[in-house]
Amino acid sequence: MRANDLKKVVSRVSAGAKLIVVSNREPVVHERVAEGVKVLRPASGMVTAIEPIVRAVGGTWIAHGSGSADRLVVDERGRIGLPQDDPKYVLQRVWLTRAEEDGYYYGLSNTAIWPLCHHVYTRPHFSRRDWETYRCVNKRFRDAVLAEAGEEPVIVFIQDYHLALLPRLIKEARPDIKVIQFWHIPWPNRETFRICPFAEELLDGLLGNDLLGFHIQYYCRNFLGTVDRGIESRVDYEQFRAFRGGRPTYVRAFPISVDYEQIGQDVESPIVGQQMDGFLKELGESNGRKLFVGADRVDYTKGIPERLRAFDMMLNCHPELKSRVTLVQLAAPSRTHIEAYRKLNDELDDLVDEINWRHQTETWMPVRFLRAHYDYYAVLAAYRMAHVAVVTSLHDGMNLVAKEFVSSRTDGDGILILSKYTGAARELADALLVNPYDIDQLADVMYSAYLMPEDARRQRMEKMRARVAKSNVYRWGGRIFEEAERTLSHKVS
Ligand code: F6P
């Protein structure tokens, strides 16, 4: 499916209703810098996937205006047409106070729900104060949706766990509005979820949706199991739906993806070649050295320390590799106001120092840890320089770095090491699948990636590329809207 096909599907399903997309993270962030205003694309799998869809379909995207220059570039209502040079949709920014951002985003969303939904042994913290702020901010988003809708028919497509209460809030105000939500992170089993003091309210909020999507069927089952025990409702496992107050919420798996074709075109642009030269110069690398590349937000779910430890172990076990391999880690700072993230950053600094101290020579540094927000073209350049891309998430709903890497390898080469605990591992069986908790195994797999002959690399890459080409992000969007069409027209029995 292509952008135009998706556009047709959405216009058929919405039957003239305007599309409103709602998320916490905005598609572009405007930041003040010495030279004026800089436009950044956030390091977010959600933005990677949703932006091409909204660009293709049009409508309004409502999101938190989090950039220091965001207010400078919008109109008096907080709106801006995007892309700025050729607008295809409207971004409506919602302004939050520091206290709201603190309680809703850093607090309830990322100190409670995020660790609750990811099995990585990071304990969630629940605070009633954060919960109250989360509720208030969800209401702020409801007000923005209702203002945008006016009296018009609209279809609302909500993203992620920051806005779990929004579907119910919209339905209470406007029962006629069709509400779809996609949950971009895993959903845990019911034993895990039930420790949340606000479990029932969160479930009630989500059951305001007409259609609720997860990446994989396992999360759908976990969700229905949680609903079954966690809130008064009727769960129908035959049709995968849950009734609350007589109204159904359909629950479906839609594995998210990327704009395969566009990435393939963009990676061929001269700017990517320039970025590659820039990187190699900055790193003092020659083309002959094999690069292992990681590109992640600095998040404790991403398994970055495990990746470093395994690389260290590979060098210990195979000293002949010294000077022949480098691990380049693009590390986008993320959520650094949260203690667990600050600790992770400290741990990473220590680990990088230790590994480099142990192995470095006068002319070679084994680990290059590049802590910065790299733009889209720089990330593509890093993928293209990679002999191996390393994705070692301890738990990840999908992981779009894996799919972006595969899409960028129009040269047909490159190896993907991929954690079994990502949604992407279900589709990319030709990656080298690993358990990132098993450092010995990870080190062995890194070594076998180093040694893998070109024809084996190409065979694997060809299969992965065929898979991502077929299941691109437009197909993902198309399946969601087609499913909405099918389920919303169901006679409820
Ligand atoms: O990919 C999951 C996700 O939660 C996205 O929805 C989110 O935008 C991304 O991680 C990055 O996190 P943040 O928006 O907090 O920077």
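The values are calculated or read from the model by the stated rules, or taken from the named source; none is laboratory data. This structure is a prediction, so every number in the text was calculated from the model and none was measured. Counting neighbours? That spans all protein chains shown, and the Cβs are built from the backbone with ideal geometry, glycine included. Surface areas here come from the heavy atoms of the whole protein model, side chains and all, with no ligands, DNA or RNA. Shrake-Rupley method; radii C 1.70, N 1.55, O 1.52, S 1.80 Å.
The table for this structure:
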{"read-out": "Rounded FRET efficiency, nearest 0.05, which uses the C-beta distance separating Ala456 from Thr336 and R0 of 35 Å", "value": "0.30"}
{"read-out": "The stretch 188-244: Cα Rg divided by the 2.2 N^0.38 Å rule of thumb", "value": "1.02"}
{"read-out": "Charged-residue dipole, Cβ positions (Lys, Arg, Asp, Glu), the chain about Cα centre, Debye nearest 20", "value": "1180"}
{"read-out": "The chain - percent of accessible surface contributed by carbon and sulfur, probe 1.4 Å", "value": "47"}
{"read-out": "Å² per residue, accessible surface of the chain at 1.4 Å", "value": "42"}
{"read-out": "All-pairs alpha carbon distance profile, the stretch 262-470, 5 Å steps from 0, percent", "value": "1, 7, 16, 20, 22, 18, 10, 4, 1, 0"}
{"read-out": "Pairwise centroid distance, computed over Cα atoms, of the stretch 139-180 with the stretch 51-102, Å", "value": "17"}
{"read-out": "Inter-label distance for Ser489 and Glu320, nm, one decimal - labels placed 7 Å from Cα along Cα-to-Cβ", "value": "6.5"}
{"read-out": "The chain: calculated mean residue ellipticity at 222 nm from DSSP helix runs of at least 4, using -39500 (n - 2.57)", "value": "-13000 deg cm²/dmol"}
{"read-out": "Built amide H within the under 5 Å cut-off of His184, gap 5+", "value": "Asp160, Tyr161"}
{"read-out": "Inter-site label distance for Arg229 and Arg426 at 7 Å from Cα along Cβ, in nm", "value": "2.1"}
{"read-out": "Fully extended contour minus Cα-Cα distance, from Asn435 to Tyr218, at 0.36 nm per residue", "value": "76.3 nm"}
{"read-out": "From the C-alpha gyration tensor of the chain, square roots of 5λ in Å", "value": "38, 24, 23"}
{"read-out": "DSSP beta bridge pairing in the stretch 262-470, given as percent antiparallel to the nearest 5", "value": "5"}
{"read-out": "Kirkwood hydrodynamic radius of the stretch 20-81, from inverse mean 1/r over distinct Cα pairs, in Å", "value": "12.3"}
